[in-house]
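In what follows, a structure is listed as C-alpha cells, so that the remarks can point back to it.
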Amino acid sequence: MTKARPQMGPAGAVPSVAGAGASGAAMPTATPPPSAGSAAAKGDCGCGAAAAGYPVAPSLSGNIGETVPSIIPAEAVGAGISAWQSNKRIIGLFSTNHNRNSWVYIDGIGWKKLVDNSDSAIMALTMLGAHAREKASAVNYREESDNKIYEMYVF
C-alpha cells in the first residue's frame, strides 16, 4: 500500500490528500517556495533581523518542510521557568507499579508529579514526601515549567 502525498494548491489553500476520509482530522498545509523577487528569497525572513543588522540565514533550497532558523528556538520559549512554593503540606501520595511514577498531593494546590529523570531522584523525593505526610511537616519545593517537583525541603 502506498502512502498518500499532499497535493499542492494555491498559496493559503488547504491541500487535499488522496484517500483521506471525512474523519475531521486536521490536514497538513504547505506554501510554495518564495519567488525569486520576494523578500524571503533574498534572505530576509520578515522578522526584522535584516533591518536591525543581525545576520540572516541563507536562502533555502526551496524544499517544503525546511524552515529558516530563528534567534530563539521554539523549545526554549517558556522553558527555564521555576517557582518555589513555601510552607505547604503534603496530604496524599500516589504511585503505580510503573517505573518512575510517583505523585504527591499538595494541600491547596493538587497533585504534582515528582521528577522522573532518574531512579535515585524519584526515590529520594518519594521518601521525603512520605516523611512529610507522616509527620505533617512543612514542605518547600521547587517546580519547573513541566509542573514536576525537582527539589524538596521538609522541616
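When you scan segment 127-139, how many residues do you find that are among the basic types (Lys, Arg) and surrounded by fewer than 18 Cβ atoms within 10 Å (Cβ to Cβ)? Steps first, please.
Just the residues of segment 127-139 that are among the basic types (Lys, Arg), to begin with: 133, 135.
From the residues that got through so far, the ones that are surrounded by fewer than 18 Cβ atoms within 10 Å (Cβ to Cβ) too are 135.
Within segment 127-139, residues that are among the basic types (Lys, Arg) and surrounded by fewer than 18 Cβ atoms within 10 Å (Cβ to Cβ) number 1.
Here's the yes/no breakdown for (1) among the β-branched types (Val, Ile, Thr); (2) assigned to a loop (DSSP other than H, G, I, E, B); (3) at pLDDT 50 or above:
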| site | (1), (2), (3) |
| --- | --- |
| Cys47 | no, yes, yes |
| Gly65 | no, yes, yes |
| Ile91 | yes, no, yes |
| His98 | no, yes, yes |
| Tyr105 | no, no, yes |
| Ile122 | yes, no, yes |
| His131 | no, no, yes |
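So Ala136 clears everything in (1) modelled with pLDDT under 55; (2) at positive phi except one condition, right? Which one?
(1)
Mind listing whichever residues of segment 138-155 are over 18 Å from Ser82 (Cβ atoms) and either part of a helix (DSSP H, G or I) or in contact (Cβ under 8 Å) with a residue 40 or more places away in the chain (or both)?
Of everything in segment 138-155, just one residue is over 18 Å from Ser82 (Cβ atoms) and either part of a helix (DSSP H, G or I) or in contact (Cβ under 8 Å) with a residue 40 or more places away in the chain (or both), namely Ala138.
Might you let me know whether segment 70-82 holds any residue that is assigned to a strand (DSSP E or B), among the hydroxyl-bearing types (Ser, Thr, Tyr), in contact with a Lys or Arg (Cβ under 8 Å, 6 or more places away or on another chain) and modelled with pLDDT under 90? Before the answer, list the steps.
Our first condition is that a residue be assigned to a strand (DSSP E or B); within segment 70-82, this holds for 82.
Those left that are additionally among the hydroxyl-bearing types (Ser, Thr, Tyr): 82.
Right, trim to in contact with a Lys or Arg (Cβ under 8 Å, 6 or more places away or on another chain) and you get 82.
Remaining after also requiring modelled with pLDDT under 90: 82.
Scanning segment 70-82 turns up at least one residue that is assigned to a strand (DSSP E or B), among the hydroxyl-bearing types (Ser, Thr, Tyr), in contact with a Lys or Arg (Cβ under 8 Å, 6 or more places away or on another chain) and modelled with pLDDT under 90.
Go through segment 82-126 and give me each residue that's in contact with a Gly (Cβ under 6 Å, 6 or more places away or on another chain) and surrounded by fewer than 13 Cβ atoms within 10 Å (Cβ to Cβ).
none
The values are calculated or read from the model by the stated rules, or taken from the named source; none is laboratory data. Keep in mind it's a predicted model, so treat the numbers as computed, not measured. Don't worry about glycine lacking a Cβ; one is built from the backbone with ideal geometry, like all the others, and counts go over all protein chains shown.
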